[in-house]
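The values are calculated or read from the model by the stated rules, or taken from the named source; none is laboratory data. This is a predicted model, so every value here is computed, not measured. Here the Cβ is made from the backbone with ideal geometry for all residues, glycine too, and neighbour counts use every protein chain on show. All accessible areas refer to the heavy atoms of the entire protein, side chains included, with ligands and DNA or RNA removed. Shrake-Rupley method; radii C 1.70, N 1.55, O 1.52, S 1.80 Å.
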There are 2 protein chains.
Amino acid sequence: MVQPSGNIYIVIAPSGAGKTTLVSALLAVDPAVQLSVSYTTRAPREGEVEGTHYHFVGREQFLAMIEAGDFLEYAEVYGNYYGTSAAWLREKLAEGRDILLEIDWQGAEQVRRLFDGVITIFIAPPSINELERRLRGRATDSEEVIQRRLAEARSEVDRAALYDYIVVNDDIERAKQDLISIIRAERLHGTKQMLRYRDALSRMGSQG
Amino acid sequence: MVQPSGNIYIVIAPSGAGKTTLVSALLAVDPAVQLSVSYTTRAPREGEVEGTHYHFVGREQFLAMIEAGDFLEYAEVYGNYYGTSAAWLREKLAEGRDILLEIDWQGAEQVRRLFDGVITIFIAPPSINELERRLRGRATDSEEVIQRRLAEARSEVDRAALYDYIVVNDDIERAKQDLISIIRAERLHGTKQMLRYRDALSRMGSQG
């Protein structure tokens, strides 16, 4: 059995759409998917663990990494930097691992320019009202931040048609199964499977 | 919510690859998929029910239906005719139903010429030895038929790379989940979802 190169999945969602819950559910049932751990200059939130949720670095170190070409993509969001290590990603893909990136649309565009066959998945909230309710429910953000996130969510929904898949998170259990199915089905494409089962299929064919 | 047109899924497999078991498992969990019921001139096998497994018709009636242009596709296999009613399929798709066709590669080519976005899924047995074991296990076919099916299976495997997805049936539970995931994921493509959630997404966008 030959291991084809892994897939890159990018999950994009407005803040509050439920991305973290859905991705956690996916990772719990699909050990072949590995989450990319981003570098960031923002302060850790309560419960966030260095190396698991992010690599937390200072602004100076981040800028030095940009200089050194360490990032596959990086973006500044609300005054903080976020970036994905290029070397790590290429290494994992070569091992046949599937990598899931939780990045924004700007980062997605950068990754798409560098890799073929990137699979983009947009998570949509059921409605703006519901999104607002969820953002207020978190009670961690100021009114200004909430209004900015709602405006940003509207622009992100405007771009929904650009993505390969759309999961509407109006039913969390259905949305979980949707995401799990997308990841699974993408591995079963003919081209991937022809590589994975090359020997078995050629032995079965008329020349075998 | 606007209902987009349904998908056409074609499942292709060598005889003995386990197609019937996999498709039954899919239909049991996914009520949105409807199996196309073919017309055939072959005699019913034990347990086969008219209208559920096939519409059993005489050769003369089948030839008259060909004349009348009733068939979307038809093929002669081992001396018997099999065909799919065009009118029925178009009606179901317009209702937003997903239709699954169990036809051979010749039929698949015909359907692909007539419809856009047809999704083809090849079910491969784990090996020719295992396929032979399964065919002999059925004990319904003569040695000549078994040999013909094995030769035909080899040619079908030669064509595997032409299909959108390949499911290798070396573990029945995994293969079932694979098939279920493919059907589910195909509905979540951006273009389909943009239609299905058109109103909700446009209300959420920056013009909403």
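Mean residue ellipticity, 222 nm, helices only, chain A: the sum of -39500 (n - 2.57) across DSSP H runs of n ≥ 4, divided by residue count and rounded to 500, is -14000 deg cm²/dmol.
If you take the square roots of the eigenvalues of the alpha-carbon gyration tensor of region A:58-113 and sort them as a ≥ b ≥ c, do you get rounded (a/c under 1.5), prolate (a/b over b/c) or oblate? The shape class here is oblate. Distances, shortest first, from the label point of residue B:31 to those at the same position in the other copies read 3.6 nm; the point lies 7 Å along Cα to C-beta.
The listed residues B:39, A:197 rank as B:39, A:197 when sorted by accessible area, largest first, using a 1.4 Å probe. Here r is the Cβ-Cβ distance between residue A:56 and residue A:21 and R0 is 30 Å; the resulting FRET efficiency, rounded to 0.05, is 0.85.
When the solvent-accessible area of the protein assembly as shown is split by element, carbon and sulfur atoms take up 49 percent of it, the probe being 1.4 Å. By the rule of a C-alpha distance below 19 Å, with chain neighbours fewer than 8 residues away ignored, the aspartates and glutamates paired with residue A:92 are A:30, A:70, A:73, A:102, A:116, A:186. Note on region B:95-180: percent of Cα-Cα distances in each 5 Å bin, starting at 0 and stopping at the bin with the largest distance, equals 3, 11, 20, 21, 21, 14, 7, 3, 1. Of all lysines in the structure, the ones whose alpha carbon falls short of 20 Å from that of residue A:19, not counting any fewer than 8 places away in one chain, are A:176. The listed residues A:130, A:109, once ranked by accessible area (1.4 Å probe) with the largest placed first, stand as A:109, A:130. Counting Lys +1, Arg +1, Asp -1, Glu -1, what net charge surrounds residue B:4 among other residues with beta carbon under 10 Å of its beta carbon? Cβ neighbours under 10 Å give a net charge of +4. Taking 17 Å as the cut-off, the amide N atoms of region A:74-94 that come nearer than this to a point 7 Å along the Cα-to-beta-carbon line of residue A:155 belong to A:74-82. A viscosity of 1.002 mPa s and a temperature of 20 °C, combined with the Kirkwood radius over Cα pairs in Stokes-Einstein, give a translational diffusion coefficient for the protein assembly as shown of 90 µm²/s.
Specify the inter-centroid distance of region A:8-65 and region A:77-100, based on alpha-carbon positions, in whole Å. Here the answer is 10 Å between Cα centres. Rolling a 1.4 angstrom probe over the protein heavy atoms with all chains in place gives region A:60-150 an accessible area of 52 Å² per residue.
Under 11 Å from the Cβ of residue B:121, count the other residues' Cβ atoms, weight Lys and Arg +1, Asp and Glu -1, and hand me the total. Local net charge: -3.
Mean projected area of the Cα convex hull of chain B, taken over all directions, amounts to 13.3 nm². Distances from residue B:191 to itself in the other copies, using label points 7 Å out along the Cα-Cβ axis, amount to 1.7 nm in increasing order.
Solvent-accessible surface (1.4 Å probe) assigned to residue B:159 amounts to roughly 40 Å². Take each residue in A:104-112, count the other chain C-beta atoms within 10 Å of its C-beta, and the mean is 0.
If you take every DSSP beta bridge fully contained in region B:47-176, what fraction is antiparallel? Give it as a percent rounded to 5.
Taking every DSSP beta bridge with both residues in region B:47-176, the antiparallel ones total about 55 percent.
For region A:131-167, a decrease in accessible area of 20 Å² or greater in the assembled protein chains relative to the isolated chain, with a 1.4 Å probe, applies to A:154, A:157, A:158, A:161, A:164, A:165, A:166.
Only beta bridges with both residues in the protein assembly as shown are counted; by DSSP, about 35 percent of them are antiparallel.
For A:100, A:63, the ranking by accessible surface with the largest value first comes to A:63, A:100, using a 1.4 Å probe.
Counting every C-alpha pair in region B:5-119, the share spaced more than 19 angstrom apart comes to 45%. For residue B:13, the shell of other residues with beta-carbons less than 10 Å away shows a net charge of -2, using +1 for Lys and Arg and -1 for Asp and Glu.
Cα centroid distance between region A:156-208 and region B:125-167, in Å? For region A:156-208 versus region B:125-167, the Cα centre distance is 25 Å. Across region A:191-202, computed HN-Hα scalar couplings (Karplus, 6.51 cos²θ - 1.76 cosθ + 1.60, θ = phi - 60°) run 4, 5, 5, 4, 6, 4, 10, 3, 5, 4, 5, 6 Hz from first to last residue, x flagging Gly and Pro. A label point on residue B:86, set 7 Å along the Cα-to-Cβ line, lies at 5.4 nm from each of its counterparts in the other copies, closest listed first.
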